[in-house]
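To start, the structure itself, in structure tokens.
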Amino acid sequence: MRPDSRPIDITLDLPSLPDEAVVEIQDFLYQILDLFTTHYGHQVDRFYEALS
């Protein structure tokens, strides 16, 4: 993150989905987040430790 970085507000117009599709998408996103955290978690921790 650069010092001049600012959060960006994003508005998404999400469609209605069947319950099963919502659960499948959520499970997929959790799996991606788990993989990301496993691979980059130490860097995220290091970044936040440097801020404190």
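What follows is calculated from the coordinates using simple rules that are stated; it is not laboratory data. These figures come from a predicted structure and were not determined experimentally. Reconstructed Cβ throughout: ideal geometry from the backbone, glycine too, with neighbour counts over all protein chains shown.
Of the peptides 7-14, 25-32, the ranking by mean beta-carbon count within 10 Å, highest at the top, reads 25-32, 7-14. The angle separating the long axis of helix 19-51 from the principal Cα axis of greatest extent in the chain is about 0 degrees. Shape class of the chain from the alpha-carbon gyration tensor: oblate, with a/c at 1.5 or above and b/c at least as large as a/b.
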